[in-house]
Amino acid sequence: MKKSTVRNRIRIVTGINIILLIILVICGCFYFRSNNLDNSNLYDNDKVYDNENAEAVPGTDDETVDTPGGQESGTDSGQKAEDTEPDKELTESEELSLYSDLPYFISENSERYINYKKQHLDYSYEKVITYVNIGLDYDFYENVKSIENGHDITVLVNKYNKLPDNFEPELVQVDPSMCAPGVGPQYLRKEAYDAFVKMHQDAKQLGLNITAYGTYRSIETQHWIWNNAVNSGRTIEDVDSLNARGGHSEHHTGLAVDVIKNNYSVEETKEFEWYRENAHKYGFIIRYPKDMESITGYKYEPWHLRYVGPEIAAEVYESGITYDEYYVRVLEPEMRAENQTP
Ligand SMILES: [Zn+2]
């Protein structure tokens, strides 16, 4: 009996020793591992900073937060960030795809739409698509395209669309009796001139005198005007807000006419009062409306009329949008559709 009691005791003690040994080994492992992590933190402050940031993000699970800062949790949250990124992208393109039926949606511009929308969360997708199609996600005079339809009366000439250097429209001379005094010979394209004559004559019946103050300008003249304005000490930004650079002026097309004089006092004339409400009937629009500088690139120019034809002029007038917007939303899709029909 005594012997078996002793054997039992030995067995129990050995068992306890083995358990203690296992616990010791486990503790040793934990100690070694946490020591290693602490050391890595000493040399990797950026990772700790990243990790703190990651922990501040709501929705990070408890395991990550409890880890005492280190590579593992850093990698974890890194992976999470990578995981959520494509999800977000997908949502944005999914959102955008809801607008892909718009006639002015251009699929090649998708990435630009998404980026522009990110910068202008308060803009509707229609606005984003319109503005990107104009080119407004670039600065003025950046990403400039060469105009191919310079001879169309609907041509869009602006800071993103440049007439070719050798562009020359066919012109007719404006009867000097319809020009402002002392301006010298003036020229317009025939379509614009015929409309101008009609408008001038109808206005005359009402005792109003609408004259041509500035019409066609060659690319050389436009370059000269712009350079002169800059050399006069004005800032480039200021000059750009009123004067086009060479190749970017509507006056180069022979379709634009500055009536009376380039001065805001024109707004106080009876002539302005009348043509503001009637010019579209003859095919002219006030091309640079008030408070639209961010779209047109130009300050309000109540004196600058552009011929686009009566039908389009009426639509632009009724819609109250700029010609830049109208062009990319209505005219460009029509042209694309025409080009696609065999
Ligand atoms: Zn003008």
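The values are calculated or read from the model by the stated rules, or taken from the named source; none is laboratory data. On a predicted model such as this, the values are computed, not experimentally measured, just so you know. Using ideal geometry, Cβ is built from the backbone for each residue, glycine included, and neighbour counts are taken over all protein chains shown.
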Q. Which ones in the stretch 192-201 are more than 15 Å from the ligand (Cβ to nearest atom) and touching a residue at least 60 places away in the same chain (Cβ under 8 Å)?
A. Ala195, Lys198, Met199
Q) Out of (1) over 30 Å from Lys127 (Cβ atoms); (2) within 14 Å of the ligand (Cβ to nearest atom); (3) surrounded by fewer than 21 Cβ atoms within 10 Å (Cβ to Cβ), what's the single condition that is false for His223? A) (2)
Q) Of the residues that make up the stretch 217-236, is at least one assigned to a loop (DSSP other than H, G, I, E, B), modelled with pLDDT of 95 or more and closer than 20 Å to Tyr275 by Cα? A) no
Q: Considering only the stretch 228-254, state which residues are touching a Lys or Arg at 6+ places or on another chain (Cβ under 9 Å) and of a type in the set (D, E, K, R).
A: Asp240, Arg245, Glu250
Q. If you scan the stretch 238-247, which residues turn out to be more than 12 Å from the ligand (Cβ to nearest atom) and either surrounded by 18 or more Cβ atoms within 10 Å (Cβ to Cβ) or assigned to a loop (DSSP other than H, G, I, E, B) (or both)?
A. Val239, Asp240, Ser241, Arg245, Gly246, Gly247
Q) Just for the stretch 255-276: of the residues that are among the charged types (D, E, K, R) and within 14 Å of the ligand (Cβ to nearest atom), which one is modelled with the lowest pLDDT? A) Lys261
Q: Determine whether the stretch 226-237 contains at least one residue that is within 14 Å of the ligand (Cβ to nearest atom), out of contact with any Cys (no Cβ under 6 Å at 6 or more places or on another chain) and touching a residue at least 60 places away in the same chain (Cβ under 8 Å).
A: no
Q | Residue that is touching a Gly at 6+ places or on another chain (Cβ under 6 Å), in contact (Cβ under 8 Å) with a residue 24 or more places away in the chain and not aromatic (Phe, Trp, Tyr), where the choices are Leu136, Leu163, Leu206 | A | Leu163
Q. Got a sec? Which of Ala313, Ala279, Ala256 is in contact with a His (Cβ under 7 Å, 6 or more places away or on another chain) and farther than 22 Å from Ile219 by Cα?
A. Ala313
Q. Within the stretch 298-308, is even one residue away from the ligand (no atom under 16 Å from the Cβ) and of a type in the set (Asp, Glu)?
A. no
**Q.** Residue list for the stretch 277-295, restricted to those being in contact with a strand residue (DSSP E or B) (Cβ under 7 Å, 6 or more places away or on another chain) and within 16 Å of the ligand (Cβ to nearest atom)
**A.** Ala279, Phe284, Ile285, Ile286, Arg287, Tyr288
Q | Residue among Tyr300, Tyr323, Tyr317 that is of a type outside the set (Gly, Ala, Ser), at pLDDT 95 or above, assigned by TED's automatic domain parsing to the domain that holds Lys190 and crowded, with 20+ Cβ neighbours inside 10 Å | A | Tyr323
**Q.** One residue from Tyr317, Tyr275 being more than 26 Å from Glu168 (Cα to Cα), part of a helix (DSSP H, G or I) and touching a residue at least 40 places away in the same chain (Cβ under 8 Å)
**A.** Tyr275
Q. Could you say whether any residue in the stretch 180-191 is within 16 Å of the ligand (Cβ to nearest atom), modelled with pLDDT of 95 or more and not in a loop (DSSP other than H, G, I, E, B)?
A. yes
Q. In this structure, is His252 part of a helix (DSSP H, G or I), modelled with pLDDT of 95 or more and either of a type outside the set (Ser, Thr, Tyr) or within 16 Å of the ligand (Cβ to nearest atom) (or both)?
A. yes
